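Asker: One structure, pasted below without further comment.
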Amino acid sequence: MSIYVIGIGGTGAKCIEAIIQLASIGLFSEETLHLLFVDADETNGNLSRALTSLDTYQKCYKLGLHDKNSWMQTKIESFSLWSPFANNSINKNLGSFFEYNILKDEEPALGNLFDVLYTSEERDANLDVGFRGRPAIGAAVMSQVKLDALDSDSWGILVSQIQKDTGGGKRPKVFLCGSIFGGTGASGLPTIGRLIHNKLETLRIRDKVDLGCLFMLPYFGFNPTMGENVETVYARSEQFLLNTEAALRYYGGQAQESFDTVYLLGNQQLSPVKKFSVGKNTQRNDPHFIELYAALAARQFLLKTPPGEKTVVLMNRENLKTLIWKDIPDQKEVNAEFVNATRFAFVWLSHIAPALAEAKRIGVKEFQKSPQGFWFVKFFPNRAVFGNNSKQEIDFNDPEQQNAIETITIWCQDYLRWLSQIHQCVGETIQLFNVNHFSNSNLNHQNLSDLIAGLGDSRDQNQKSRDTVQELKKRLNPEAVSLPKQGILGLAKALYLVCRL
């Protein structure tokens, strides 16, 4: 099986960001995950953050951290970002795209129809920030996409790879995700889904490919104040529900024709966006717990839906405005991997990384004599014990070792940043982890059982009381991991193992 995920627009990028985080903690398989980002706004802040998380993950994956656990087990590859304006040198506005002035002169009836369908502001609005929350604008541009003419870019490579998979006896799964209430997602999701469906039909391999889609319903809102935005064409959250209703009515039939499985996800309460932006790098909305559900929906489709099966999937939560572990699909396995990774990231940032920095500052020999030397020496043995020519000797100051420390630290920071932010949706009580412990002022916290909220930890009180960072350090064992047993990789793998409950 080969798996492909296509994120369309800013919300699609945020869904992929969540998928990357779940893949990093072992909630996807060892099968390579192929990603494609689609956005007219190539500098979108949500997209940039997802690409940063992807880069962080890929650097960690190259270290070879996957051992006797599922941590970092998924290879993730990404096609080049695709924009509907990628091969278009004209100005990025609707009038230029459809050659409005020529249309008015040579086909006045069509030009007049254009005037009826679009205001002058919509016609002239610069679309380098995306489709400005206007599905009608996006639909006009996306309707002109011809996959047959895109053989040399990301689409051509993707279709060719899918065709190669089917020819080799694999059954690829393709998953599209994005919002249905904005501009790029609402116009791009159904259109691109239909184009892929038709292309696979033309190649006579549609029956060998599973095609799934996630429509994100409204789950956030904003209220731009006077003076904050001088433009007249931008996304308006008060129109989200109207856009959604119209899109669902229109695309309902199309989605059933194109997709094998369709997911709908939304929230009754719209979480306010902290800083409104029309687009570009300032459109960087915080992650939301709904995007965790989006990533779990992708996981369910890609890994658990039987090939060729058309399914109806329902997800809900026990209490409105509250999210607990019981509300998480596949709770047992999801909880286990989340808890393991979170404990590791916390211990690494709060105790291991600072200790390694201290070893760098004062020197290895001095650090080995310190109170923390008892665990450090297991992974960086003393020459006095093993001899100068010992093959087990690893230079702590070697650039490769120091790079591994930095790479793992950056991943821990990125993962806990994302996890913290999905807990901070205004008006919602998220009871998965006690993320207040993740702040810099609380990183010296010792009892690890306090990290897990609600019923996420089923151990008795005695076990919880003995669950401390110091006890984890005592249990670190190089012999518990495969090669390399020592150095930073051996330390990280051993720590990840002992963090599992």
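Asker: On the basis of being open to solvent by 10 Å² or more (accessible area, probe 1.4 Å), among the β-branched types (Val, Ile, Thr), on the phi < 0 side of the Ramachandran plot and out of contact with any Phe, Trp or Tyr (no Cβ under 8 Å at 6 or more places or on another chain), does residue 11 make the cut?
Answerer: Details: open to solvent by 10 Å² or more (accessible area, probe 1.4 Å): yes; among the β-branched types (Val, Ile, Thr): yes; on the phi < 0 side of the Ramachandran plot: yes; out of contact with any Phe, Trp or Tyr (no Cβ under 8 Å at 6 or more places or on another chain): yes.
Against the criterion (open to solvent by 10 Å² or more (accessible area, probe 1.4 Å), among the β-branched types (Val, Ile, Thr), on the phi < 0 side of the Ramachandran plot and out of contact with any Phe, Trp or Tyr (no Cβ under 8 Å at 6 or more places or on another chain)), residue 11 qualifies.
Asker: Next up: Going by what's in this entry, would residue 429 be described as among the hydroxyl-bearing types (Ser, Thr, Tyr) and open to solvent by 60 Å² or more (accessible area, probe 1.4 Å)?
Answerer: Working: among the hydroxyl-bearing types (Ser, Thr, Tyr): yes; open to solvent by 60 Å² or more (accessible area, probe 1.4 Å): yes.
Yes; evaluated as a whole, the condition is true for this residue.
Asker: Yes or no: residue 40 surrounded by 19 or more Cβ atoms within 10 Å (Cβ to Cβ), closer than 26 Å to residue 162 by Cβ, in contact (Cβ under 8 Å) with a residue 40 or more places away in the chain and hydrophobic (A, V, I, L, M, F, W, C)? Explain how you work it out, then say what you get.
Answerer: Values: surrounded by 19 or more Cβ atoms within 10 Å (Cβ to Cβ): yes; closer than 26 Å to residue 162 by Cβ: yes; in contact (Cβ under 8 Å) with a residue 40 or more places away in the chain: yes; hydrophobic (A, V, I, L, M, F, W, C): yes.
So residue 40 passes the test.
Asker: Could I ask something else about it? All but one of (1) modelled with pLDDT of 90 or more; (2) on the phi > 0 side of the Ramachandran plot; (3) of a type outside the set (A, V, I, L, M, F, W, C) hold for residue 427; which doesn't?
Answerer: Going through (1) modelled with pLDDT of 90 or more; (2) on the phi > 0 side of the Ramachandran plot; (3) of a type outside the set (A, V, I, L, M, F, W, C) one by one, residue 427 breaks only (1).
Asker: Quick check: is even one residue across the range 327-334 in contact with a Leu (Cβ under 7 Å, 6 or more places away or on another chain) and of a type in the set (A, V, I, L, M, F, W, C)?
Answerer: Yes - at least one qualifying residue is present in the range 327-334.
Asker: Only residues in the range 453-467 that are closer than 17 Å to residue 436 by Cβ count as the first member; pair them with residues that are part of a helix (DSSP H, G or I), Cβ under 7 angstrom, at least 6 apart or cross-chain, and list the lot.
Answerer: Between residues of the range 453-467 that are closer than 17 Å to residue 436 by Cβ and residues that are part of a helix (DSSP H, G or I), the close pairs are 454/325; 456/325; 456/335; 456/339; 457/449; 457/464.
Asker: Another one. Go through the residues of the range 358-368 one by one and say whether even a single one is among the aliphatic types (A, V, I, L, M), out of contact with any helix residue (DSSP H, G or I) (no Cβ under 7 Å at 6 or more places or on another chain) and surrounded by fewer than 21 Cβ atoms within 10 Å (Cβ to Cβ). Give the steps one after another, and end with the answer.
Answerer: Kept after step one, since they are among the aliphatic types (A, V, I, L, M), are these residues of the range 358-368: 359, 362, 364.
This time we only want the ones that are out of contact with any helix residue (DSSP H, G or I) (no Cβ under 7 Å at 6 or more places or on another chain), so: 362, 364.
From what's left, surrounded by fewer than 21 Cβ atoms within 10 Å (Cβ to Cβ): 362, 364.
Yes - at least one qualifying residue is present in the range 358-368.
Asker: For the range 413-501, list the helices (runs of 4 or more DSSP H) that sit wholly inside it and hold at least 2 residues that are over 24 Å from residue 22 (Cα atoms) and not aliphatic (A, V, I, L, M); which are they?
Answerer: Working: elements: 461-465, 469-475, 487-498.
Correct list: 461-465, 469-475.
Asker: Kindly indicate the residue of the range 477-497 that is in contact with a Gly (Cβ under 7 Å, 6 or more places away or on another chain) and of a type outside the set (A, V, I, L, M) and also modelled with the highest pLDDT among those meeting that condition.
Answerer: Among residues in the range 477-497 that are in contact with a Gly (Cβ under 7 Å, 6 or more places away or on another chain) and of a type outside the set (A, V, I, L, M), the one modelled with the highest pLDDT is 478.
The values are calculated or read from the model by the stated rules, or taken from the named source; none is laboratory data. If you're wondering where the values come from, they're calculated on a predicted model, not measured in any experiment. Glycine also receives a Cβ, built like all others from the backbone with ideal geometry; neighbour counts cover every protein chain displayed. Quick note on the areas: whole protein, heavy atoms, side chains included, nothing else; ligands and nucleic acids left out. Shrake-Rupley method; radii C 1.70, N 1.55, O 1.52, S 1.80 Å.
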